[in-house]
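Read through the structure below, which is laid out as C-alpha cells, and then see the notes.
The values are calculated or read from the model by the stated rules, or taken from the named source; none is laboratory data. All figures in this text were calculated on a predicted structure; none of them were measured in a lab. Ideal geometry is used to build each Cβ from the backbone, glycine not excepted, and the neighbour counts take in all protein chains shown. With ligands, DNA and RNA removed, areas are computed over all heavy atoms of the protein, side chains included. Shrake-Rupley method; radii C 1.70, N 1.55, O 1.52, S 1.80 Å.
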Amino acid sequence: MSCYPIDYGFVKPKAPETTVNIQCPCGIVRAHVEYQNGKTGSTRFHSVPAFAFATDVEVTVPGHGKILVDIGYGGAFYAYVSAKVLGLDVTSSKARELGAVGLAVSKAVEEQVKLTHPDDDELAFLCGTIFTDGNDVYSTEAAVQVCTFAVAGVDRSPCGSGVTGRIAIQHHKGQIQLNQTRVFKNGKTGSPFTGKPVRQTKDLTATGYASYNRNR
C-alpha cells in the first residue's frame, strides 16, 4: 500500500526515503519507503499507539473447551493464543484448519469479552485471532505467527497491526524493552516483518508506539 502511491505517481519520490501518510480507520500511519535508482524498496511504518487490552482472559471455545487468550490493540484488536494450546502448529498445520479454529476463537471472544477503545468506540471490535509459536520472550530468534480474520481468512503476511499488538503485549509483560528489534515471521509463507516498541505513551494503560519494517 505504501509503495503504490509512489509507483503510480501520486506521491513525488525522494531519495533515499519517501514518507507516505496513510489515513486508516485507526488514524494516520506514517510509512517511510526506501527509494533508490527510481525504484521503491523496503518499507518501515510508524504505527498508531498500541496497548495490551487484557491478558490471560479465559474464554470457552466450542469443541476446545476453556482456553486463555491475550487481547492486544495495534490499530485493530486481536486475540492472541499459542497454537499449541489448541493442538495446532503455526508452521505445519494447514491454513484452512488454522482459519477454521481461528474463527471459532474469534467468535468466542466476541461473545464473551466486551472490548473498549480509549478514543473511539467504533474501533472496539475484534478483527481476528492470531496464533503464535509461544516464543514471546525477547531473543534473536524470530517469533512466528499466523493471523486469521473474517470468515476463516488467513493472512499471507505476519500482519502489521497484529505484529504491533503482539509487541504491545510483550512490552506489557516485560518480554521486550523499548527499542529492542525483533523479527516476526508468518508461519505459512515465511514472510518477515521486523518490529520494535519505540516509546511509551502518556496513558499508562498503553504500551506505546511500535514500528516495523516490511521487506519486498
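Starting from the 7 Å offset along Cα-to-Cβ, what nm value, one decimal, do you get for the label separation of residue 4 and residue 138?
3.5
I want to make sure I understand the PRE zone here: with the label point 7 angstrom from the Cα of residue 173 toward its beta carbon, which residues in region 72-103 have backbone N atoms less than 14 Å away?
72-73, 79-85
With only Lys, Arg, Asp and Glu charged, each at its Cβ (+1 for the first two, -1 for the last two), find how big the charge dipole of region 32-113 is about the Cα centre; round to the nearest 20 debye.
300
Taking 0.36 nm per residue of sequence separation and subtracting the Cα-Cα distance, how much length would be gained by fully extending the chain between residue 36 and residue 24, in nm to one decimal?
Length difference between fully extended and current span is 1.6 nm.
Just checking my list (1) -0.71, -0.94; (2) -0.78, -1.04; (3) -0.94, -1.13 against log10 I(q)/I(0) by the Debye sum over Cα atoms at q = 0.13, 0.15 Å⁻¹ computed from this structure; which label fits?
So the structure-derived entry is (1).
So which of 14/188; 39/94; 66/94; 84/173; 12/107 end up more than 32 Å apart by C-alpha?
Those over the limit are 14/188; 39/94; 12/107.
To the nearest 500 deg cm²/dmol, what mean residue ellipticity at 222 nm is calculated for the chain from DSSP H runs of n ≥ 4 alone, each contributing -39,500 (n - 2.57), summed and divided by the residues?
-5000 deg cm²/dmol
Show the residues, 5+ positions off or on another chain, whose built amide H is closer than 5 Å to the amide H of residue 153.
Residues meeting the criterion, in which the H sits 1.01 Å from N, do not exist here.
Relative to the longest principal Cα axis of the chain, at what angle does helix 95-112 sit, 0 to 90 degrees, rounded to 10?
Around 70 degrees separate the two axes.
Which residues' amide hydrogens lie under 5 Å from the amide hydrogen of residue 82, considering only partners 5 or more residues apart or on another chain, with H built in the peptide plane?
Amide H to amide H, under 5 Å and 5 or more residues apart or across chains, residue 82 pairs with 132.
Which FRET efficiency, nearest 0.05, do residue 55 and residue 12 yield, Cβ-Cβ r, R0 45 Å?
0.55
Let me spell out the model: positive unit charges on the Cβ of Lys and Arg, negative unit charges on the Cβ of Asp and Glu, origin at the Cα centre of the chain. What dipole size does that give, in debye rounded to 20?
Dipole of the chain, to the nearest 20 debye: 720 debye.
Run the lone-cysteine check on the chain: no other Cys C-beta under 4.7 Å from the residue's C-beta.
So, 3, 24, 26, 127.
Where the accessible area of the chain is counted over protein heavy atoms with a 1.4 Å probe, how much of it, in %, is carbon and sulfur?
51
Near the amide H of residue 61, under 5 Å away, which other amide H atoms are found, from residues 5 or more places off or on another chain, if H is placed in the peptide plane?
Those lying under 5 Å, H to H, from residue 61 are 66, 67.
For the chain, report the accessible area per residue in Å² (1.4 Å probe, heavy atoms, rounded to an integer).
50
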